[in-house]
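Participant: Here you go, one structure.
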Amino acid sequence: MRAYPSRPAEEFVYFDQLRGDPLELGIFERLSPDERQALRAAGRPLWLNPGHLLFRQGTRHGGIFVIESGRVRTFYTSERGRELTIAYWTPSNFVGGPELFGRGKHCWSGQATEHSQVLYLSGDQLCELLPHMPLLTMALLDGLVIKGRCMSNLLQMLGTQSAAARLAKAILELAECYGVPAADGVHLELPYTHSELAALIGVTRQWVTMTLAKFREDNVVGGDGRNLVIRDWDALKALDH
């Protein structure tokens, strides 16, 4: 059995997917033209630059943000300042939950990772709209189901996978999305920095760098920097399980 760098157990974070599952149908796609017009009239469009913080963990909840374009990262910040990524959310999803109606405080933070457009809907506006828009109600319920599934998977992952298994899972999922098969393995240009990968799996950047170096030493992967060649897919799958 290979020995990989160890880390404190309390720093685990859920990693099951690199972005939030999309809704089967986008929120706007479910609505009639008149309902879409009413929703846009009630909301406030926002155009975000990369790094813009939509909401911060612990601050008062005001409403939700429907993603129309771009991508938003949600993450939890520990008392020590460590950021743990929950998911990357793409168009057709909303962020700002699980609360909907402007009560309580945000459980985590949300930040645009690229140029994005969102529609802000306050809790009061949702309370006025939902009795007249059952399809909007269904779309929001579907979104909450997806978020609940993320949290359920988080609880399962916390007690069942090592940090090395989480990194292996991340590499495999990225390879399935972005990898290019070749004679010497699957070529993958990582779309995330080592720091971003660390936040996805709940470790430090240094740990990711050391473990990737160990993977290379064991000839599980090749390449350098963010350019990987997966040479032993079965070895990564074995770690994932």
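The values are calculated or read from the model by the stated rules, or taken from the named source; none is laboratory data. The shown structure was predicted, so the numbers you read here are calculated from the model rather than taken from an experiment. Backbone-built Cβ (ideal geometry, glycine too); neighbour counts: all protein chains shown.
Participant: Out of (1) touching a helix residue (DSSP H, G or I) at 6+ places or on another chain (Cβ under 8 Å); (2) farther than 26 Å from SER78 by Cα; (3) at pLDDT below 90, the odd one out for LEU121 is which?
Facilitator: (3)
Participant: Further question on the same structure: Just checking, does segment 11-22 include any residue being outside any loop (DSSP other than H, G, I, E, B), at pLDDT below 90 and not assigned by TED's automatic domain parsing to the domain that holds PRO191?
Facilitator: yes
Residue-wise test of (1) outside any loop (DSSP other than H, G, I, E, B); (2) charged (D, E, K, R); (3) in contact (Cβ under 8 Å) with a residue 24 or more places away in the chain.
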residue	(1), (2), (3)
GLY58	no, no, yes
GLU79	no, yes, no
ALA87	yes, no, yes
GLY97	no, no, yes
PHE101	no, no, yes
LEU121	yes, no, yes
GLN125	yes, no, yes
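Participant: Could you list, in sequence order, the residues of segment 92-129 that are exposed (fewer than 15 other Cβ atoms within 10 Å of the Cβ) and of a type in the set (Gly, Ala, Ser)?
Facilitator: Correct list: GLY104 only.
Participant: Now for a different question. The conditions are (1) under 20 Å from GLY26 (Cβ atoms); (2) without any contact (Cβ under 8 Å) to a residue 60 or more places away in the chain; (3) more than 14 Å from the chain's Cα centre (by Cα), and HIS194 fails exactly one of them. Which is it?
Facilitator: That leaves (1) as the condition not met.
Participant: So is SER78 at pLDDT below 85, more than 15 Å from PHE55 (Cα to Cα) and in contact with a strand residue (DSSP E or B) (Cβ under 8 Å, 6 or more places away or on another chain) or not?
Facilitator: For SER78, the condition - at pLDDT below 85, more than 15 Å from PHE55 (Cα to Cα) and in contact with a strand residue (DSSP E or B) (Cβ under 8 Å, 6 or more places away or on another chain) - is not met.
Participant: When the residues of segment 103-118 are filtered to those that are over 21 Å from VAL145 (Cβ atoms) and assigned to a loop (DSSP other than H, G, I, E, B), which remaining residue is nearest to the chain's Cα centre (by Cα)?
Facilitator: So, considering only residues that are over 21 Å from VAL145 (Cβ atoms) and assigned to a loop (DSSP other than H, G, I, E, B), the one nearest to the chain's Cα centre (by Cα) is THR113.
Participant: All but one of (1) buried (at least 18 other Cβ atoms within 10 Å of the Cβ); (2) within 30 Å of GLN37 (Cβ to Cβ); (3) of a type outside the set (Asp, Glu) hold for ILE201, so report the exception by its number.
Facilitator: (2)
Participant: Does THR204 satisfy the criteria of being more than 16 Å from the chain's Cα centre (by Cα), hydroxyl-bearing (Ser, Thr, Tyr) and closer than 27 Å to VAL95 by Cβ?
Facilitator: yes
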